[in-house]
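Undergrad: What follows is a structure written as structure tokens; I'll ask about it next.
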Amino acid sequence: MFISFEGLDGSGKTTQIQRLAVWLRTHRQRVLTLREPGGTRIGDAIRAILHDRSNSNMDSRTELLLYCASRAQLVAEQVQPYLHSGGIVLSDRFADSTLAYQGYGRGLDLDFLRSLLDFVTHGVKPDLTLYFDVDPERALERRMASGAEINRIDVETIEFHRRVRDGYHRLIAQEPERWQLIDASATTDQVAAQVKDIVKTRLNITD
Ligand code: TMP
């Protein structure tokens with residue numbers, strides 16, 4: 001089972017992935033949590049380049065290829081072996097982030113991105129994608145309040161983040177059976193309860 005977590009930065013997905021991992025482990029499931037970009041030694045080096053705010057002149061195509069390079073390594077080194085061993089992979093972002101940010105956000109060609117992503121992921125797709133929906137203003141407020149590192153993408157305009165959010169909604173409409181939309185403006189506990197219910201049903205876990 002491969003579950004990805006998607007949403008704007010500040011949507012609370014990182015907290016939720018940690019809580020879900022703890023809950024699954026208490027139900028005797030083998031779980032690997034990953035984050036993108038990064039999750040491997042090579043990927044972490046790429047992450048540092050991508051997040052560096054002094055790289056504000058990065059071309060969109062350079063950006064795209066760096067996210068894809070990090071993902072190719074992650075799939076080969078972590079995702080595929082763990083899925084083959086029968087474990088559950090929880091990933092903080094996956095290929096849908098590229099469609100939302102580089103496709104809908106930056107305006108790169110979506111058909112081209114889809115074939116590139118197929119190549120990069122070896123066709124590995126999440127079985128379930130949880131999308132944490134929050135408006136961009138609220139997400140930015142949360143991000144500031146949390147004291148999190150402010151990266152190169154965070155400093156993009158609110159309009160950019162609106163396009164990304166709108167992009168996520170379009171992706172959900174295209175493949176509704178894979179996605180679950182979660183209202184991330186609820187409290188952390190309420191959101192965690194929703195996540196748990198969804199995953200419990202999908203994995204047939206009994207308390
Ligand atoms: P995060 O690690 O805080 O989620 O930050 C990752 C940032 O990179 C986030 O702003 C979204 C962005 N991103 C893309 O633009 N494209 C991608 O393919 C991925 C994985 C992330």
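Undergrad: In the chain, what % of DSSP beta bridges are antiparallel (nearest 5)?
TA: 0
Undergrad: Classify segment 23-150 as rounded, prolate or oblate from the Cα gyration tensor: take a ≥ b ≥ c as the square roots of its eigenvalues, call it rounded if a/c is under 1.5, otherwise prolate when a/b beats b/c and oblate if not.
TA: Oblate shape, in that a/c is at least 1.5 and b/c is the bigger or equal ratio.
Undergrad: R0 = 25 Å: FRET efficiency of residue 111 with residue 193, Cβ-based, nearest 0.05?
TA: Efficiency computed from Cβ-Cβ geometry: 0.05.
Undergrad: Check residue 39: other-chain or 5+ apart residues with amide H under 5 Å from its amide H, H built from backbone geometry?
TA: Distant-sequence amide H within range of residue 39: 44.
Undergrad: Within segment 39-70, which residues have the backbone N less than 13 Å from the label spot 7 Å out from residue 77 along Cα→beta-carbon, could you tell me?
TA: 39-48, 69-70
Undergrad: Where in the chain is the longest stretch that carries no GluC sites (Glu not before Pro) classed as loop by DSSP and with at most 12 other Cβ atoms within 10 Å?
TA: Formally, the longest exposed-site-free interval is 1-148.
Undergrad: Whole angstrom only: what separates the Cα centroid of segment 68-125 from the Cα centroid of segment 143-207?
TA: If you average the Cα positions of each part, the centres end up 17 Å apart.
Undergrad: Something else: To the nearest 500 deg cm²/dmol, what mean residue ellipticity at 222 nm is calculated for the chain from DSSP H runs of n ≥ 4 alone, each contributing -39,500 (n - 2.57), summed and divided by the residues?
TA: -15500 deg cm²/dmol
Undergrad: Let me ask you something else. Would you kindly compute the Cα radius of gyration of segment 120-194 and its largest Cα-Cα separation (Dmax), both in Å?
TA: Radius of gyration, then largest Cα-Cα span, for segment 120-194: 14.2, 38 Å.
Undergrad: Which residues does the label zone of residue 156 cover in segment 1-41, counting backbone N under 18 Å from a point 7 Å along Cα→Cβ?
TA: 5-14, 36-38
Undergrad: Looking at the chain, identify the longest residue range that excludes and avoids all trypsin sites (Lys or Arg not before Pro) in DSSP loops having at most 13 other Cβ atoms within 10 Å.
TA: The longest such stretch corresponds to 31-207.
Bear in mind these aren't lab numbers, they're just calculated from the coordinates by the rules spelled out. In this text the structure is predicted, and so the values were computed from the model without any measurement. All Cβ positions, even for glycine, are placed from backbone atoms using ideal geometry, and neighbour counts span all protein chains on display.
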